[in-house]
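Here is the structure we will look at.
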Amino acid sequence: MADTVRDMPSGPRLLPCSVVLVGLMGSGKSSVGKRLASLLDAPFYNSDAEIVTAAGMSIPEIFASVGEQGFRDGERRVIARLLAGRPSVISTGGGGFLDPDTRANIRSRAISVWLRADLDVLWERVRDRPGRPLLQVTDPRAVLADLHRRRAPIYSEADVIVDSRRNSDPAQTAREALKSILVHVEAHAGQ
Ligand code: S3P
C-alpha cells in the first residue's frame, strides 16, 4: 500500500492514492467504479477503454490481431500509466490483477478492491453480452467457472473485498466499498 494512504483524511472528498477495482468479468467494476469516483470526487478510468482508445480497435479486434498476449502487454502498460498519474479510481479488465508486475505495482501505489461475486451472478450478467473474447467459446459458462476458481485466490490478495450481489445497486455497492476503504485506511494509518 502506498505511503500516502496513511495520510488519507477520513472524509471522502480527497484521494491521496488511486483506488483500483479488480475482479471477474461481470463483477460490476465499471458501474461501481464510476459511482465510487463520484463519491470520492476523483477521475474515473477504465483500463479496457484506455486500451481500446490507444489501439484504435475493439477488444475482440485486439485479440484477433495481436492475440491475448499482445492484449496483456498493452493492459500492463496502460495500468502502469494510469497508476503513475494523479489519484483516480481505476477499473481494470478481469485479467489485469493476474499479471505479477501489475499486481505488485497496484499493491505499492494504490488501494485495491476486489468486487467478489458468485459464479451464477457473474454468468447472469455476462451471458448475453458479446465483446469478451475469452467467452467466445462453445461452453462459456465452463470457462467462466474455471476462471472463477483459478483467479479467486489471486483477487483475494486485494486490500479490500466487497461483495457484488445479485440485483445489487451499483451506487449502494460503491458506498459499501467506500466504507471498507476508509476502514482499511484507518487500520493502516501510521504504518
Ligand atoms: C478479461 C476481461 C475483460 C477484458 C478482456 C479480458 C479477462 O474485461 O479485459 O476481455 O481476462 O478477464 P472485463 O473484466 O471488464 O469484462
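The values are calculated or read from the model by the stated rules, or taken from the named source; none is laboratory data. Computed from a predicted model, the values in this text were never measured in an experiment. Neighbour counts run over all protein chains shown; Cβ positions are idealised from the backbone, glycine included. When the accessible area is computed, the model is the full protein with side chains, heavy atoms only, and any ligands, DNA or RNA have been set aside. Shrake-Rupley method; radii C 1.70, N 1.55, O 1.52, S 1.80 Å.
A few remarks follow.
- Farthest toward positive dipole pole in the chain [+1 Lys/Arg, -1 Asp/Glu at C-beta], among LEU135, GLY94, ALA64: GLY94
- Computed over the chain with a Gaussian network model linking Cα atoms closer than 10 Å, the most mobile of SER27, SER168, SER38 is SER168.
- Just checking the listed ones, PHE44, PHE63, PHE97: in the Gaussian network model of the chain with Cα springs under 10 Å, the one fluctuating most is PHE63.
- Surface composition of the chain: carbon plus sulfur atoms hold 49% of the accessible area, using a 1.4 angstrom probe and ignoring ligands, DNA and RNA.
- Rounded to the nearest 20 debye, the dipole magnitude of the chain is 180 debye, with +1 charges on Lys and Arg beta carbons, -1 on Asp and Glu beta carbons, and the Cα centre as origin.
- The ARG175 and THR138 beta-carbon pair, evaluated with R₀ = 41 Å, returns a calculated FRET efficiency of approximately 0.55.
- Only helices enter the 222 nm calculation for the chain: every DSSP H run of n ≥ 4 contributes -39,500 (n - 2.57), and dividing by all residues gives -17000 deg cm²/dmol, rounded to 500.
- Overall dimensions of the chain, expressed as equivalent-ellipsoid semi-axes from the Cα gyration tensor (√(5λ), whole Å, largest first), are 27, 19, 14.
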